[in-house]
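Below is one structure, written out as C-alpha cells; the observations come after it.
The values are calculated or read from the model by the stated rules, or taken from the named source; none is laboratory data. Quick caveat: nothing in here was measured; it's all calculated off a predicted structure. Counting neighbours? That spans all protein chains shown, and the Cβs are built from the backbone with ideal geometry, glycine included. Ligands, DNA and RNA are stripped out before the accessible areas are found, and what is left, the full protein with its side chains, is counted by its heavy atoms. Shrake-Rupley method; radii C 1.70, N 1.55, O 1.52, S 1.80 Å.
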Amino acid sequence: MRPIYLFLGFTLSTWVSAQHTINGIVKNTQGEPISFTTIRALNTNVGAVSDEEGNFALNLYKGIYELEISSLGYAMKLHQVTVPVTEEVVIVIQETTQTLDEVVVSAERRQEKLTKTPVAVTSLSAKKVKETRTWELEDLNGLIPNYFYGEIGVGFQQVQSIRGISVFSENPAVATYIDGVNQLDILANGFQFVDIESIEVLRGPQGTLFGRNAMGGVINIKTKQPTNRTEVFGEATIGNLDLQRYAVSFKSPLIKDKLFVGATGLFQDREGFLVNDTTGTILAQAEAQGATVGDETAIYGTVFLKWLPSSQWDLTLNIKGQIDESDASGFFIYQQTDSLALANPDKVNLGRIGEHRRDILNVGLSTHYYHPNFTLASTTTFQQIGLSYDDIYDASFSGTVYASYEDMELGERPTPQQVVIQEFRISSNNKANLLNYTGGLFFFTQNAFEPTTNIAIDYGPVNGPFFVPGYTPGTNVIFRNEGQHFGLAAYGQASYHLSDELDLTAGLRYDYEDRENTFNGFGDVIFQEGEEIELRSDTTVSAGFNALSPKIALTYSLNGESSVYLSYTRGFRAGGINTQRIEGVDLAYDPEFSNNFEVGYKRSFWSNRLFLATTGYYIDWQDLQFFSQVAANLFLFDNIGDARSYGLELEASAIPIKSVKLDAAFGWNESEYQDFTLDDMSLDGNRLSNAPEVTLFTAAQYDFKVSNSFEITVRGEYRYFGETFSDRENDLEIGAYGIVNARLGMSFQKRFELVFWGRNLNDERYISYASPSTIDGNRNSLASAPGTYGITLSGRL
C-alpha cells in the first residue's frame with residue numbers, strides 16, 4: 001500500500017505546486033480602471049473582486065478557463081485564458097448601453113456560454129429580473145416562449161405548462177430548482193424571488209442532467225452569492241391593492257477568501273381584488289358580505305454560510321423558509337362560470353370567508369470538490385411543507401365547507417410533508433479534452449401527508465344539496481391519506497468533439513420510484529359532536545415504476561458565436577396511486593412517456609449587439625395521466641390517451657443604437673389529443689389544455705445618461721397570449737388577450753434606484769384559471785387581477 005500513498009501524495013503535491021497566479025486589470029473602453037468588478041473562473045470556486053485601481057489576482061491550475069467579468073452598469077463579458085500566462089491580463093468591458101451581456105448558463109450542469117448549449121433555454125440575468133419586475137413564477141408568463149402559468153387562487157397551487165406539457169397532480173410537469181435544490185412537490189412552489197442572480201428556463205425533458213426528470217422542462221433559480229466585499233441590499237415597494245413589499249439582504253466575508261455569511265428577508269402584504277356577495281348562499285355569515293377575498297401575507301427568509309477550506313473545496317449551508325397566510329383566503333376559490341367571471345371579474349359568492357397558512361422549510365448542504373479535470377458535487381436537502389385551512393366555502397351554492405383536519409381538530413395543519421433528497425454528481429472541467437461528461441445519482445424519500453386529501457368536509461344543513469342522509473347537521477366526513485414515496489435515479493451524459501466544430505452528445509437515465517398510500521373512503525370516518533367515528537379500516541395500496549430515458553444530440557458550433565443542434569430526448573413521469581377507495585378498480589395508474597425531437601439555432605451578431613435563438617420541436621406524448629369521472633362526485637386518475645405537440649420558438653435581443661435595447665420572445669404551438677377518450681367521449685383532434693396557440697413578448701428600453709452619476713430608464717412591454725382552452729373538451733375557451741407593462745426608473749451612482757412601475761396598465765380582464773374538464777357542465781373560473789402599479793425604492797452598498 002505504501003507505493004499507492006506515495007503516488008497519491010506526489011499527485012496531490014503536483015496539483016498544489018501547479019497553481020499559477022494570474023494578475024490582471026479591468027478597464028472600460030476609455031482605458032479607465034473599473035473598481036469592485038467581480039471576476040470568476042467558470043466551473044471553479046476561484047474568484048476575485050478588483051481593487052480601486054481595477055487590479056485583481058487569481059490562483060488557477062494549468063488549463064484553459066473562461067473568466068466571467070461583471071460590474072454594475074457594464075455588460076457581462078467572458079474572457080478566455082490559458083494558464084500559465086506570461087503577462088498581465090487586460091480585460092476591457094463595455095457599458096450595458098453599448099453591448100449585450102455574454103450569457104452563461106448551467107443548462108448542462110456546467111457553466112458555459114449560451115450559444116454553445118444544445119438546449120432550448122431562456123436565461124434571465126439579475127438585471128433582466130429587475131427590469132421585468134419578475135417577483136414570482138407568474139411573472140414568467142409571456143416572457144418565456146410557450147410557457148403558461150395559471151394560478152388556482154394562491155401562488156402555491158398552480159398549473160404550469162411548457163409546450164403544452166402540464167399536469168393536475170402533486171407530481172409537477174415542470175421541475176423547479178432553487179440554488180440546486182429540487183422542489184419535489186407542487187406545494188413547494190410559490191417562493192418569492194429576492195436578490196436573484198439568474199433564472200434559467202429549460203424547455204423539454206432534462207432527465208440525463210437533472211436529479212429528477214420533468215416532462216415539460218426545468219426552472220433553475222439562483223440567488224446571489226457572496227464575494228470578498230461586504231454588500232447590503234434593501235428594497236421597499238408600495239402599490240395599489242394595498243401592496244407593501246420590503247426586502248433586505250446582507251452578505252459579507254467573515255474570513256477573506258475562506259468564510260462567508262449571508263441573510264435575506266422579505267415581507268409582502270397585499271389585499272385581494274375579489275369582493276364577496278353572499279346573495280343566494282347557504283348559512284351566510286354576516287361579516288362575509290362585502291369582504292375582500294384573496295388577501296395574503298408572505299414572509300420569506302434565507303440564511304447561508306459558505307466555507308472554502310481550500311481552493312479546491314467549498315461547503316455551503318443554505319436555509320430557506322417562507323410563510324404564506326391569509327384570513328381572507330383565495331384558496332380553492334372560483335367564480336361560477338367563465339361568462340359570469342368576465343362580466344363581474346371582481347365578484348365572488350361565498351357564505352364564509354376562509355383562512356389558510358402554508359409554511360415551507362428547505363435546508364440544503366452542498367459540497368464541491370474542484371480538480372483541474374473534474375468537479376465532484378454533493379447536495380443534501382431536507383424539506384418540510386405544511387398547509388392548514390379552514391372555512392373554505394364551496395362557491396357552487398351548496399354550502400359545503402372544507403377544512404384541513406388533524407387529531408379531531410378542524411383547521412389544524414396535518415402532519416407536514418417531509419422530503420429528504422440526496423444527489424451526487426461528477427462533471428468534467430477541462431475544455432481541452434475531447435470528451436466532456438456529467439453523471440450523477442439521485443435519491444429521495446417523501447413522507448407525504450398531502451393536505452388536500454387530509455380534509456374534513458361539512459356537507460351543510462339538512463336541506464343542503466349535498467346533505468348526507470343519516471348525518472346530523474354539522475357532521476364532517478373525514479378523508480385521510482399518508483404516502484410513503486421513494487425514488488432512485490442514475491443519469492449521465494457525455495459530449496465528444498468529433499471535430500473542432502462538431503460535437504456528439506449522448507445520455508441515459510434510469511428511474512425507479514416506489515409509492516405506497518394508506519387512506520380511507522367516503523363515509524368511512526366521520527367527525528360528529530367532537531367525536532371521531534371510524535366505520536371501516538383504512539386501505540393500503542402500493543405500486544412501483546421504472547424507465548430508461550435516452551438522449552442523443554449533434555451540435556455544430558463556429559467560433560463560440562453560433563451553433564446549430566439536433567436532439568432527441570425521451571421524457572418520463574412516474575405513475576401514482578388514487579386515494580379514493582373503489583371496489584374492483586386498480587387504483588394505480590401508469591407512467592407517462594414522451595418522445596421529444598428538437599432543432600435549434602443560436603447566434604450572436606454585430607459585435608454582440610444582436611442575439612438570436614430559434615427552436616423547432618415535435619413531441620409525441622403517451623399515456624397521459626388525467627382524472628375522469630367514474631361516479632357522482634368521484635374522480636380517478638387514469639392513463640386516458642396520447643397527444644402530440646409541435647411548434648416554433650424565437651428569442652431575440654438587440655441594441656440597434658446606443659442606449660436603446662429591444663427584446664422579443666415568440667412561441668407558436670400546435671397540439672392535439674390522439675386516441676383520447678374521456679367519459680366515453682372521444683376528444684381526438686382537440687387542442688391540449690393550458691397551451692396557448694401563441695405567446696409573444698416585446699420590450700423596448702431607453703437608458704438616458706443625465707450625468708456620470710445619474711441615469712433615467714424608460715421601458716415598455718407588451719405580452720400577448722393567443723387562444724387557449726382550459727378544458728380537454730375545448731368547450732371553455734380563454735380568448736386571446738394582451739397586456740401592457742411600463743417602467744420609469746431613476747438611478748444614482750448605479751446603486752440607488754427609484755422606479756415607478758405598472759402592470760397590465762390597459763386593465764385587461766381575462767380568465768386566469770378555469771375547469772380542466774367540462775363534461776359534467778362544470779365551468780368554474782377565476783378572473784385575472786386588475787391592473788397594478790406602484791413605486792419601488794432600492795439601494796445596494
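Could you identify the single residue in Tyr491, Tyr512 that is in a strand (DSSP E or B), among the aromatic types (Phe, Trp, Tyr), open to solvent by 20 Å² or more (accessible area, probe 1.4 Å) and in contact with a strand residue (DSSP E or B) (Cβ under 8 Å, 6 or more places away or on another chain)? Outline the logic, then answer.
Values: Tyr491 fails: open to solvent by 20 Å² or more (accessible area, probe 1.4 Å).
Answer to the selection: Tyr512.
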The one condition Thr375 fails out of (1) over 29 Å from Leu441 (Cβ atoms); (2) out of contact with any Leu (no Cβ under 7 Å at 6 or more places or on another chain) is (1)
Pro451 fails exactly one of (1) open to solvent by less than 10 Å² (accessible area, probe 1.4 Å); (2) closer than 30 Å to Gln484 by Cβ; (3) in contact with a Leu (Cβ under 9 Å, 6 or more places away or on another chain); (4) at pLDDT 90 or above, namely (4)
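Counting just the residues of region 534-564 that are of a type outside the set (Gly, Ala, Ser), over 28 Å from Leu624 (Cβ atoms) and in contact with a strand residue (DSSP E or B) (Cβ under 6 Å, 6 or more places away or on another chain), which one comes out modelled with the lowest pLDDT?
Glu561
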Any idea how many residues of region 566-609 are of a type in the set (A, V, I, L, M), open to solvent by 30 Å² or more (accessible area, probe 1.4 Å) and more than 25 Å from the chain's Cα centre (by Cα)? 3
Residue that is surrounded by the most Cβ atoms within 10 Å (Cβ to Cβ) [pool: residues in region 531-552 that are among the charged types (D, E, K, R) and over 30 Å from Gln622 (Cα atoms)]: Asp538
Residue hits (region 681-726; open to solvent by less than 30 Å² (accessible area, probe 1.4 Å), closer than 23 Å to Thr337 by Cα, in a strand (DSSP E or B) and at pLDDT below 95) are Thr724, Phe725
Would a scan of region 769-790 turn up a residue that is open to solvent by 30 Å² or more (accessible area, probe 1.4 Å), assigned to a strand (DSSP E or B), in contact (Cβ under 8 Å) with a residue 12 or more places away in the chain and closer than 26 Å to Leu678 by Cα? yes
Between Thr122, Thr96, Thr115, which is of a type in the set (Val, Ile, Thr), open to solvent by 30 Å² or more (accessible area, probe 1.4 Å), modelled with pLDDT of 85 or more and in contact with a strand residue (DSSP E or B) (Cβ under 7 Å, 6 or more places away or on another chain)? Thr96
List the residue pairs whose Cβ atoms are under 6 Å apart, where the first residue sits in region 553-565 and is touching a residue at least 12 places away in the same chain (Cβ under 8 Å) and open to solvent by 30 Å² or more (accessible area, probe 1.4 Å), the second is in a strand (DSSP E or B) and not aliphatic (A, V, I, L, M), and the two are 6 or more positions apart or on different chains. Glu561/Ser604; Val564/Tyr556; Val564/Tyr601
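Strands (runs of 3 or more DSSP E) wholly in region 523-622 with at least 1 residues that are under 30 Å from Gln80 (Cα atoms) - which ones? Walk me through it before giving the result.
Numbers: elements: 525-528, 531-534, 539-558, 562-573, 592-605, 610-622.
Here the list reads 539-558, 562-573, 592-605, 610-622.
With Arg743, Arg765 as the choices, which residue is of a type in the set (Lys, Arg), outside any loop (DSSP other than H, G, I, E, B) and within 25 Å of Tyr789 (Cα to Cα)? I'd like the intermediate steps shown before the answer.
Details: Arg765 fails: outside any loop (DSSP other than H, G, I, E, B).
Going through Arg743, Arg765 in turn, the sole match is Arg743.
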Restricting the search to region 515-530, which residues are open to solvent by less than 50 Å² (accessible area, probe 1.4 Å) and farther than 18 Å from Val541 by Cα? Gly523, Val525, Ile526, Phe527, Gln528
Residue check, Tyr646 in contact with a Lys or Arg (Cβ under 9 Å, 6 or more places away or on another chain), over 25 Å from Thr579 (Cβ atoms) and open to solvent by 70 Å² or more (accessible area, probe 1.4 Å): yes
Provide a single number: the residues in region 733-755 that are touching a Lys or Arg at 6+ places or on another chain (Cβ under 8 Å), among the charged types (D, E, K, R) and open to solvent by less than 60 Å² (accessible area, probe 1.4 Å). 1
Any chance you could count how many residues in region 44-70 are within 31 Å of the chain's Cα centre (by Cα) and open to solvent by 20 Å² or more (accessible area, probe 1.4 Å)? 8
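Just to be sure, is Phe210 closer than 19 Å to Lys130 by Cβ, open to solvent by less than 20 Å² (accessible area, probe 1.4 Å) and modelled with pLDDT under 90?
Numbers: closer than 19 Å to Lys130 by Cβ: no; open to solvent by less than 20 Å² (accessible area, probe 1.4 Å): yes; modelled with pLDDT under 90: yes.
For Phe210, the condition - closer than 19 Å to Lys130 by Cβ, open to solvent by less than 20 Å² (accessible area, probe 1.4 Å) and modelled with pLDDT under 90 - is not met.
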Looking at region 203-213, is at least one residue outside any loop (DSSP other than H, G, I, E, B), of a type outside the set (A, V, I, L, M) and at positive phi? no
